[in-house]
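A.B. asks: Below is a structure I'd like to ask you about.
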């Protein structure tokens, strides 16, 4: 079995991790949203209130 770094399963795991981080930031009082634009290396936009 080969490991693919960009396969569908890895993308799902990465997306789940982003949403976990978003939930933790929001739970701690920050405003955080996922960034779905075409910006390399940017996944989350956050603001400390």
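A.B. asks: If each DSSP helix of 4+ residues adds -39,500 (n - 2.57) and the sum is divided by the residues in the chain, what number results at 222 nm, nearest 500 deg cm²/dmol?
C.D. replies: Rounded to the nearest 500, it is -14000 deg cm²/dmol.
A.B. asks: What does the extension gain come out to for residue 10 and residue 39, with contour length at 0.36 nm per residue minus their alpha carbon separation?
C.D. replies: Gain on stretching residue 10 to residue 39: 8.5 nm.
A.B. asks: Quote the relative contact order of region 8-48 in percent (integer), defining contacts as alpha-carbon pairs under 8 Å separated by 6+ residues.
C.D. replies: Relative contact order, region 8-48: 32 percent.
A.B. asks: Project the alpha carbons of region 8-48 onto their principal axes and report the range along each, largest first, in whole Å.
C.D. replies: Answer, in whole Å and largest first: 32, 19, 11 Å.
A.B. asks: On full extension of the chain, what length is gained from residue 27 through residue 47, given 0.36 nm per residue of separation minus the C-alpha to C-alpha distance?
C.D. replies: Length gained between residue 27 and residue 47: 5.9 nm.
A.B. asks: Expressed as an acute angle from 0 to 90° and rounded to the nearest 10, what is the orientation of the C-alpha long axis of helix 8-27 relative to the principal long axis of the chain?
C.D. replies: 10
Every number in this text was worked out from the coordinates using simple rules, so none of it is lab data. No experiment lies behind these values; they were computed from the predicted model shown.
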